[in-house]
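K.L.:
Dropping the structure in here first, questions after.
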Amino acid sequence: MAGSRLGRPIRVADLGVGTLANRLAGEGLQIRLGPFNIRVQSDLGSIAKLADSLYGPYPLAAADAIADFHVEISRPKNLRRWLRPQCHFYLDGRSPFAPYPVEHAFPALEWGINWCVATRAHHLLMLHAAVVERGGLAMLFPAWPGHGKSTLCAALIHSGWRLLSDEFGLVRPCDGMLLPIPRLIPLKNESIAVIGRFRPEAVIGPCFFGTRKGTVAHVRPPTESVSRSQEPARPRWLIFPRWVADAPLSLSPISKSDAFLMVASNSFNYEVLDETAFRLVSEMVGRCACRSLVYSDLDEAVSALDALARFDDE
Amino acid sequence: MSELSRQTERANRLLLGALKAPAALPTLSAADWDLLLRVARRTRLLGRLEADLSRAGLLGDIPVDAAQHLRASRNVIEHRKTLVAWEVNRVLWALKGIDVPLILLKGAAYVLAELPPAAGRIFADVDLLVPVERIGEIEERLAAKGWFKMRLDPYDERYYRVWMHEIPPLRHRERGTEIDIHHRILPRTSRFSSDPGPLFEDALPLQDARLRVLAPTDMVLHAMLHLFLEGDPVEGLRLRDLLDIHGLLRHFGPEAGFWERLPRRARQLGWERPLYYGLRFAQRLFDTPIPQAVLEEAGRGAPPGPVGALMDYWVPLSILPGHPDHPSPMAAAARQALYLRAHWLRMPAVMLARHLSYKAWLRFRGVGKKLDLAQLDLKQQ
Amino acid sequence: MRLTAAAGELIWVQWDDAYDVYQPSSTETHVFNETTALILDALKDGPLSLEGVREWIVKTLDAEQDGLALEDLESAAARLDELGLIEWPDRA
């Protein structure tokens, strides 16, 4: 970790917008995101400003660290830069990606970093799930149709739970532990207001309208989630949530074989990891309490999950 | 020397050094590892580094962060290897009772014959060479057992029907591996085309006698053909293809009669030009040990002076990746030029077909397709 | 019909109502029901005909002779053949 006179790692917020902008436009800003070092470059002023606020708590990587991904979000590198206000996401200088309007540069950067992790980090088993932790034990919300995991996740991390990730369940193959990658939580459309009402003190970035996913805004996780991003957690609960308007709360067991199927089919690289993936998912499902959760009220859902964790006796 | 040249040279030297002397890798600085990982990834040689370090027992001596990338690469490669081997297994199952010579080409051959290029290389498809008169029967049997022809748009369909040198790729309805069935190595109209008969005559059986691979000289020549005729507009010629050639030459070199047969066979099949280039550039970049007599004889396939000089300049420039942060316009131009030279982009489709294999054609057609970041594809590459 | 080498490598996990099975030779993960699992079990000690498998299962489950339809067995066996877990040379 980049040491300092501060006695703690240097964070993005310590640099100030001016320095941030210079670094982004120059040799790049190296941020530590959980197990990954990401080098980010950008020639866009908007990125520097948003990095200062939304990436503020994140530590910088050590000066001699190996960067895992080299990404850039910038205006096109050719004549197009003057034609239309677009931006491109580059990974290692290449951009096989469709361009974005320059106003959506920040969400594009966030999605781009997701893409990097999902396509490269095959030394880990990557489940598609939100993960939160309490008392050293992790609760996973695998993505499945109608899941709304990000909203539930955002609510939980402002109710005493630590964020590991809202997108990636990173399973370390040697011991099945979950690795944190506590990044910004993107909320869509109505969820933005829902979380704003649920926890007015939550730090939510600006709304980006008309993106490919509708209106998007990013929740910055509490500082503690970021400062504890090197602490893995042991999986304990597998929860399959579904938000249904006006539905009474129900938290009921689901069969382990169903849970196995849903976890395996909602992963980024289950197939790639062959037998290791099979063993890790089997072990996880075997040791976790598997529940389906139907809810319409966020407070009720949070209370029910709190109770599940408190009276854990399985 | 300009900054661009310095950085380009540094990146290329780092990569070639890693490939030629993996034992020195534990002494690399973090900054060098950072760069090496990037250029190795760009040339799809991460897996190769992992395999070399693994074989030398040095994986524990490199930085953990670097080792993780290599591990990731290895996992993907092992997975793909199994998929390829399994697909061949299922094809044999489907063709039970049909007695037909099946020659494995390229990746599938390397994997099943356990040849050096199989180490650390990603293989995606199964390429088979079968006699033209048996294709209908094979196609029918595979269709009955669950394989389907991949759908083509009319533009592609015209290509393969008019210049057919293979039927469109087949895929089993439950699996992702593609099978390309060839009845010749190149389109009939290709400048380097030749009758596949001699290839069948000299093909060698594997442990399972239903499967064959090309004779060593033919395998090497095919790899050389593949290298020079299947570029990519962005990547140019592929360094790992040249590395495969180097690996095959080192593996087969000690076999009795191999070096004598190689130039003779090239002459017989009309592949002297690719042999010339293949030997020349493998030696120049990887110091492949090649008997002087063979080089001289292969020299007969050399191009006219000016073309040779141009290739001598273009090939190393384009085949080495350079530094990702300092793209070289000259290298990009060389890659384009080699691609154009091989594929005559500005000629009508009819002329393009003269040099293209079907997959290269699909790739050419695919240039310009963009990925949508917002839709995270859960199926990994 | 008889087991293939691939069948010998299978890794089984049993839940209450089904088996999740990993096949190393193909990297595939399967969900097998009781019938399918029993076919593989029946063939453990050597090859049997389809009828032979049926008899073995009926005896093992101590079930009714006509409780296990030959067609169900046949389609499960055909599936195992397709997956490369059994060899069924005299299959029509």
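The values are calculated or read from the model by the stated rules, or taken from the named source; none is laboratory data. Remember, predicted model here, so these are calculated numbers, not experimental data. Counting neighbours? That spans all protein chains shown, and the Cβs are built from the backbone with ideal geometry, glycine included.
K.L.:
Does region A:268-281 contain any residue that is at pLDDT below 95, within 23 Å of A:LEU127 (Cβ to Cβ) and either part of a strand (DSSP E or B) or among the charged types (D, E, K, R) (or both)?
P.N.:
No, the conditions are met nowhere in region A:268-281.
K.L.:
Also: For the list (1) surrounded by fewer than 15 Cβ atoms within 10 Å (Cβ to Cβ); (2) within 30 Å of A:ARG8 (Cα to Cα), I need the number of the one condition that A:SER225 fails.
P.N.:
A:SER225 satisfies every listed condition except (1).
K.L.:
Shifting gears a bit: Give region A:258-267 a look and list any residue that's more than 8 Å from chain C (Cβ to nearest Cβ) and not in a loop (DSSP other than H, G, I, E, B), or say none.
P.N.:
Initial filter on region A:258-267 (more than 8 Å from chain C (Cβ to nearest Cβ)): A:258-259, A:262-263, A:265-267.
Matches in region A:258-267: A:ASP258, A:ALA259, A:MET262, A:VAL263, A:SER265, A:SER267.
K.L.:
Report whether or not A:PRO173 is within 30 Å of A:LEU238 (Cα to Cα), out of contact with any Phe, Trp or Tyr (no Cβ under 8 Å at 6 or more places or on another chain) and not in a strand (DSSP E or B). If you could, list the steps in order and put the result at the bottom.
P.N.:
Working: within 30 Å of A:LEU238 (Cα to Cα): yes; out of contact with any Phe, Trp or Tyr (no Cβ under 8 Å at 6 or more places or on another chain): yes; not in a strand (DSSP E or B): yes.
Against the criterion (within 30 Å of A:LEU238 (Cα to Cα), out of contact with any Phe, Trp or Tyr (no Cβ under 8 Å at 6 or more places or on another chain) and not in a strand (DSSP E or B)), A:PRO173 qualifies.
K.L.:
Right, next: Within region A:291-314, how many residues turn out to be under 30 Å from A:ALA193 (Cα atoms), of a type in the set (A, V, I, L, M, F, W, C) and not in a helix (DSSP H, G or I)? Don't jump to the end; show me each part of the working.
P.N.:
Taking region A:291-314 as the starting set, the residues that turn out to be under 30 Å from A:ALA193 (Cα atoms) are A:291-310.
Next, from what is left, pick out any that are of a type in the set (A, V, I, L, M, F, W, C): A:293-294, A:298, A:301-302, A:304-305, A:307-309.
From the residues that got through so far, the ones that are not in a helix (DSSP H, G or I) too are A:293-294.
The number of residues fulfilling the criteria is 2.
K.L.:
Then there is this: Filter region A:137-158 for residues that are small (Gly, Ala, Ser) and over 19 Å from A:HIS218 (Cβ atoms); which is modelled with the lowest pLDDT?
P.N.:
Kept after step one, since they are small (Gly, Ala, Ser), are these residues of region A:137-158: A:138, A:143, A:146, A:148, A:150, A:154-155.
Narrowing further to those that are over 19 Å from A:HIS218 (Cβ atoms): A:138, A:146.
Values: A:ALA138: 98, A:GLY146: 65.
Once the filter is applied, the top-ranked residue is A:GLY146.
K.L.:
Would you confirm whether any residue within region B:220-232 is more than 20 Å from the chain's Cα centre (by Cα) and not in a helix (DSSP H, G or I)?
P.N.:
Step one: filter region B:220-232 for residues more than 20 Å from the chain's Cα centre (by Cα), giving none.
No, there is no match, as no residue in region B:220-232 is more than 20 Å from the chain's Cα centre (by Cα) and not in a helix (DSSP H, G or I).
K.L.:
Any residue in region B:74-100 that is within 9 Å of chain C (Cβ to nearest Cβ) and among the small types (Gly, Ala, Ser) sitting within a Cβ distance under 7 Å of a residue that is in a helix (DSSP H, G or I) and surrounded by fewer than 16 Cβ atoms within 10 Å (Cβ to Cβ)? List the pairs, counting only those 6 or more apart or interchain.
P.N.:
Here the result reads none, with nothing in region B:74-100 linked to a residue that is in a helix (DSSP H, G or I) and surrounded by fewer than 16 Cβ atoms within 10 Å (Cβ to Cβ).
Yes/no per residue for (1) at pLDDT 80 or above; (2) farther than 20 Å from B:PHE192 by Cα; (3) more than 14 Å from every other protein chain (Cβ to nearest Cβ):
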{"site": "B:VAL294", "(1), (2), (3)": "yes, yes, yes"}
{"site": "B:GLY299", "(1), (2), (3)": "yes, no, yes"}
{"site": "B:ALA309", "(1), (2), (3)": "yes, yes, yes"}
{"site": "B:ASP325", "(1), (2), (3)": "yes, yes, no"}
{"site": "B:MET330", "(1), (2), (3)": "yes, yes, yes"}
{"site": "B:ALA334", "(1), (2), (3)": "yes, yes, yes"}
{"site": "B:LYS359", "(1), (2), (3)": "no, no, yes"}
{"site": "B:LYS370", "(1), (2), (3)": "no, yes, no"}
{"site": "B:ASP377", "(1), (2), (3)": "no, yes, no"}
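K.L.:
Which number in (1) modelled with pLDDT of 95 or more; (2) within 29 Å of A:ASP68 (Cα to Cα); (3) more than 14 Å from every other protein chain (Cβ to nearest Cβ) marks the one condition that A:LEU170 misses?
P.N.:
Unmet condition: (3).
K.L.:
So B:VAL100 clears everything in (1) modelled with pLDDT under 95; (2) surrounded by 18 or more Cβ atoms within 10 Å (Cβ to Cβ) except one condition, right? Which one?
P.N.:
Among (1) modelled with pLDDT under 95; (2) surrounded by 18 or more Cβ atoms within 10 Å (Cβ to Cβ), B:VAL100 violates only (2).
K.L.:
Same structure, new question: Provide a single number: the residues in region A:272-299 that are more than 14 Å from chain C (Cβ to nearest Cβ), exposed (fewer than 15 other Cβ atoms within 10 Å of the Cβ) and charged (D, E, K, R).
P.N.:
Counting residues in region A:272-299 that are more than 14 Å from chain C (Cβ to nearest Cβ), exposed (fewer than 15 other Cβ atoms within 10 Å of the Cβ) and charged (D, E, K, R) gives 2.
K.L.:
Among the numbered criteria (1) under 25 Å from B:THR82 (Cα atoms); (2) among the charged types (D, E, K, R); (3) more than 14 Å from chain A (Cβ to nearest Cβ), which single criterion is violated by C:GLU55?
P.N.:
All conditions pass for C:GLU55, except number (1).
K.L.:
Can you tell me which residue within region A:247-257, out of those that are more than 8 Å from every other protein chain (Cβ to nearest Cβ) and within 22 Å of A:ARG234 (Cβ to Cβ), is surrounded by the most Cβ atoms within 10 Å (Cβ to Cβ)?
P.N.:
Applying the first criterion (more than 8 Å from every other protein chain (Cβ to nearest Cβ)) to region A:247-257 yields A:247-254.
Next, from what is left, pick out any that are within 22 Å of A:ARG234 (Cβ to Cβ): A:251, A:253-254.
Details: A:LEU251: 17, A:PRO253: 11, A:ILE254: 15.
It comes out as A:LEU251.
K.L.:
Okay, next question. Just to be sure, is A:ASN114 free of Cβ contacts under 8 Å to residues at least 60 places away in the same chain, outside any helix (DSSP H, G or I) and polar (S, T, N, Q)? Don't jump to the end; show me each part of the working.
P.N.:
Numbers: free of Cβ contacts under 8 Å to residues at least 60 places away in the same chain: yes; outside any helix (DSSP H, G or I): no; polar (S, T, N, Q): yes.
No.
K.L.:
B:VAL100 passes all but one of (1) more than 26 Å from C:LEU80 (Cα to Cα); (2) not in a helix (DSSP H, G or I); which number fails?
P.N.:
(1)
K.L.:
Which residue, of B:GLU50, B:GLU87, B:GLU114, is assigned to a helix (DSSP H, G or I) and within 25 Å of B:ARG175 (Cα to Cα)? Before you say what the answer is, go through the steps one by one.
P.N.:
Working: B:GLU50 fails: within 25 Å of B:ARG175 (Cα to Cα); B:GLU114 fails: assigned to a helix (DSSP H, G or I).
Step by step, each of B:GLU50, B:GLU87, B:GLU114 is checked, and only B:GLU87 is assigned to a helix (DSSP H, G or I) and within 25 Å of B:ARG175 (Cα to Cα).
K.L.:
Here are B:ILE98, B:ILE103: which of them is over 21 Å from A:THR276 (Cβ atoms) and touching a Leu at 6+ places or on another chain (Cβ under 8 Å)? Reasoning before the result, please.
P.N.:
Values: B:ILE98 fails: touching a Leu at 6+ places or on another chain (Cβ under 8 Å).
After applying the criteria, what remains is B:ILE103.
K.L.:
Being away from chain A (no Cβ under 13 Å) and crowded, with 20+ Cβ neighbours inside 10 Å is the filter here; which residues of region C:8-52 pass it?
P.N.:
C:THR36, C:LEU38, C:ILE39, C:LEU40, C:ALA42, C:LEU43
K.L.:
Still on this structure, I have one more. List every residue pair whose Cβ atoms lie under 6 Å apart, where the two residues are 6 or more positions apart in sequence or sit on different chains, the first residue falls within region B:311-329 and is closer than 18 Å to B:GLY17 by Cα, and the second residue, located anywhere, is in a loop (DSSP other than H, G, I, E, B).
P.N.:
Within 6 Å, the pairs are B:ILE319/B:LEU237; B:PRO321/B:THR43; B:GLY322/B:SER328; B:PRO324/A:ASP92; B:PRO324/A:GLY93.
K.L.:
Residues to consider are B:ALA66, B:ALA72, B:ALA108; find the one that is in a helix (DSSP H, G or I) and over 21 Å from A:ASP274 (Cβ atoms). Can you show your working first?
P.N.:
Details: B:ALA72 fails: over 21 Å from A:ASP274 (Cβ atoms); B:ALA108 fails: over 21 Å from A:ASP274 (Cβ atoms).
None of the other options fit; the residue is B:ALA66.
K.L.:
Ok, one more. Take A:ALA108 and decide whether it is at pLDDT 95 or above, part of a strand (DSSP E or B) and under 21 Å from the mean Cα position of the chain (by Cα). Spell out how you get there, then give the answer.
P.N.:
Values: at pLDDT 95 or above: yes; part of a strand (DSSP E or B): no; under 21 Å from the mean Cα position of the chain (by Cα): yes.
Considered against the rule, which asks whether it is at pLDDT 95 or above, part of a strand (DSSP E or B) and under 21 Å from the mean Cα position of the chain (by Cα), A:ALA108 comes out as no.
K.L.:
Among the residues of region A:93-114, is any more than 14 Å from chain B (Cβ to nearest Cβ) and at negative phi?
P.N.:
Filtering region A:93-114 for residues more than 14 Å from chain B (Cβ to nearest Cβ) gives A:102-103.
Then keep just the ones that are at negative phi; that gives A:102-103.
There is at least one residue in region A:93-114 that is more than 14 Å from chain B (Cβ to nearest Cβ) and at negative phi.
K.L.:
Right, here's the next one. What number goes with the only condition from (1) within 14 Å of chain B (Cβ to nearest Cβ); (2) within 17 Å of the chain's Cα centre (by Cα); (3) small (Gly, Ala, Ser); (4) buried (at least 21 other Cβ atoms within 10 Å of the Cβ) that A:ALA130 does not pass?
P.N.:
(1)
K.L.:
Here is a further query. Would you call A:ALA217 within 14 Å of chain C (Cβ to nearest Cβ) and in contact (Cβ under 8 Å) with a residue 24 or more places away in the chain?
P.N.:
Numbers: within 14 Å of chain C (Cβ to nearest Cβ): no; in contact (Cβ under 8 Å) with a residue 24 or more places away in the chain: yes.
It is false that A:ALA217 is within 14 Å of chain C (Cβ to nearest Cβ) and in contact (Cβ under 8 Å) with a residue 24 or more places away in the chain.
K.L.:
Yes or no: region B:61-84 includes at least one residue that is closer than 21 Å to B:ARG171 by Cα, touching a strand residue (DSSP E or B) at 6+ places or on another chain (Cβ under 8 Å) and of a type outside the set (D, E, K, R).
P.N.:
Within region B:61-84, the first condition is being closer than 21 Å to B:ARG171 by Cα, and the residues that meet it are B:76-84.
Still in the running and touching a strand residue (DSSP E or B) at 6+ places or on another chain (Cβ under 8 Å): B:84.
Those left that are additionally of a type outside the set (D, E, K, R): B:84.
For region B:61-84, residues closer than 21 Å to B:ARG171 by Cα, touching a strand residue (DSSP E or B) at 6+ places or on another chain (Cβ under 8 Å) and of a type outside the set (D, E, K, R): present.
K.L.:
Considering only region B:8-18, I want to know if a residue exists there that is out of contact with any Asp or Glu (no Cβ under 6 Å at 6 or more places or on another chain), free of Cβ contacts under 8 Å to residues at least 60 places away in the same chain and either small (Gly, Ala, Ser) or not in a helix (DSSP H, G or I) (or both).
P.N.:
Checked against the condition, which is being out of contact with any Asp or Glu (no Cβ under 6 Å at 6 or more places or on another chain), free of Cβ contacts under 8 Å to residues at least 60 places away in the same chain and either small (Gly, Ala, Ser) or not in a helix (DSSP H, G or I) (or both), region B:8-18 yields at least one hit.
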